[in-house]
Every structure is written in structure tokens, then in C-alpha cells.
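Bear in mind that the values in this text are calculations on the coordinates, not laboratory data. Not measured: the values here are computed from a predicted model. All Cβ positions, glycine included, derive from the backbone under ideal geometry; neighbour counts span all protein chains shown.
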Amino acid sequence: MSVIAPTITVQTTDEYTASVERLHPFAQRVHIDISDGEFAPTFLLSEASLWWPQEWTVDIHAMVARPAEHVEALIKLKPSLITFHAEAGGAQVLLPLIALIKQAGIKAGVALLKQTVPSTISDIIQAVDHVMVFSGELGQYGGTASLMQLEKVRLIKGINPKAEIGWDGGVNVENAYTLTQGGVDVLNTGGAISESNNPADTYATLVKEINKHGVI
């Protein structure tokens, strides 16, 4: 069954606290972005400032140029999942970090930018628990869900059939069902929820949308 994971993409501690308070009444699994201002063009809140309600399942998406400099601090936070980008060093850098994350009892993930072809990082995909298809804009809410990227889901599953598939970028009420039918397990949803006048209602609508049954 697919899930909706509201996304927190903020630059200050005040914004972060406000986001947590806004999502806390209804969110169960939450996707938190961090960025070093190098891999992504925007500085976001660092791992040193992160906290969350203990009942949340938290996925951390680290948009960082040097993952090795962040992995120990991220592990100490004990999230459910830590995802680095395939483009941040490739297999030589990421495979030892993936092993370290798993040894700590945390799931390891890899994110693929639009231009990255799954077959070129097959060794990484085989090693992780989660593969995220990135279709958004690095370091900010918004972007468009490029549904052509759904082809990657089939390719990823061909490399690692057990991998959980995530999607980041442009998820909304209009495309959530299509993404789910395309094989996406975790729909990381930023602007559609954060910019809504009623985030709880939007979340509920998205959950209903991904759980609906197709009509023949």
C-alpha cells in the first residue's frame, strides 16, 4: 500500500517548528530535507537542528555534496530512513555509507536526479532499501511531476525487486493516483500540503486518492 509523506523543506528553526506543529495532528510518515547549499542551490536547516515527535516515521533526504561528512550525525538522530543522492560521489563513496547506515538499524536510500539512469548505478540500487525518483527542484517546494520519470520505476524494480520506491517532486491530487498505479510506494508531498489553506484536508484527500480503486 502506498503512503503520503508530507515534506518539510525549510531554512530556519522557526519555519521548522511551524512545519512540525502544522503536520503533527495528522502526519504519520514525514520526509525532511536537509541541504548544504552546494549540492542543492539552497541552504536548508542542517541535521543539527532537527527533532520530531517520537511517533513519527521520519525519512531524511540529504541533498549534500559530501555525504560522509553528514552520515554520523544523521545516524545519531535515529530516523527510519536516510537517503543520499547517487550523484554525490557514486558507488565508491556511497556503498560504505549504506553499510554503515544499515549496521545502525536504519534503512538506507538513494535518490536519482532526472538525468541519472538506473542501470548506471545498479550496484547502489542493489544495496539500498529505498530508491527515490527525484522529479522536483532541489532545495525548494514546487516543481513538476514529470511522469516520464515513472519509467524508472520498472527499471529500478528490475535491478532490486524488493526496493521501496519513493517519488519527490510535484505530487498533487491530480497525479497522486497515477503515480501510485505506476509503482510508487511513498509519495513525498511538499507544496500541495504546505501551501494548502487546510493541510489536514489536503492530506486526507491525497490519502483517499491513492487508495481509490480504478473503475473499469
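Quick check on this structure: which one of LYS114, LYS102 is in contact with a strand residue (DSSP E or B) (Cβ under 6 Å, 6 or more places away or on another chain) and free of Cβ contacts under 8 Å to residues at least 60 places away in the same chain? When all the criteria are applied, what remains is LYS102. Do we have GLN149 as under 26 Å from GLN181 (Cβ atoms) and either assigned to a strand (DSSP E or B) or free of Cβ contacts under 8 Å to residues at least 40 places away in the same chain (or both) here? In short, yes. Looking only at the range 70-94, residues that are touching a Ser or Thr at 6+ places or on another chain (Cβ under 9 Å) and charged (D, E, K, R) come to 1 in all. The condition of being under 26 Å from TYR16 (Cβ atoms) and either in a loop (DSSP other than H, G, I, E, B) or among the β-branched types (Val, Ile, Thr) (or both) does not hold for VAL131. Before we move on, is LEU150 touching a Phe, Trp or Tyr at 6+ places or on another chain (Cβ under 6 Å), aliphatic (A, V, I, L, M) and more than 17 Å from ASP129 (Cβ to Cβ)? Answer is no for this residue.
Please state which of the following conditions ILE34 fails to meet, knowing it meets all the rest: (1) among the aliphatic types (A, V, I, L, M); (2) within 16 Å of PRO199 (Cα to Cα); (3) part of a strand (DSSP E or B). Every condition holds for ILE34 apart from (2). Filtered by the rule that a residue be buried (at least 20 other Cβ atoms within 10 Å of the Cβ) and more than 30 Å from SER119 (Cβ to Cβ), the range 173-193 gives ALA192, ILE193.
Among residues of the range 9-33 being in contact (Cβ under 8 Å) with a residue 40 or more places away in the chain and farther than 17 Å from VAL131 by Cα, the one that is surrounded by the most Cβ atoms within 10 Å (Cβ to Cβ) is THR9. Out of SER49, SER80, which single residue is surrounded by fewer than 19 Cβ atoms within 10 Å (Cβ to Cβ), under 16 Å from the mean Cα position of the chain (by Cα) and not acidic (Asp, Glu)? The conditions single out SER80. Checked against the criterion of being assigned to a loop (DSSP other than H, G, I, E, B), closer than 14 Å to LEU147 by Cβ and among the polar types (S, T, N, Q), the range 181-199 has no qualifying residue. Search the range 51-104 for residues being outside any helix (DSSP H, G or I) and acidic (Asp, Glu), and hand back the single one that is nearest to THR12 (Cα to Cα). Here the answer is ASP59.
Filtered by the rule that a residue be of a type outside the set (Gly, Ala, Ser) and not in a loop (DSSP other than H, G, I, E, B), the range 161-174 gives GLU164, ILE165, TRP167, ASP168.
For the residues TYR177, TYR203, the requirement of being farther than 13 Å from ALA27 by Cα and either outside any loop (DSSP other than H, G, I, E, B) or in contact (Cβ under 8 Å) with a residue 12 or more places away in the chain (or both) singles out TYR177.
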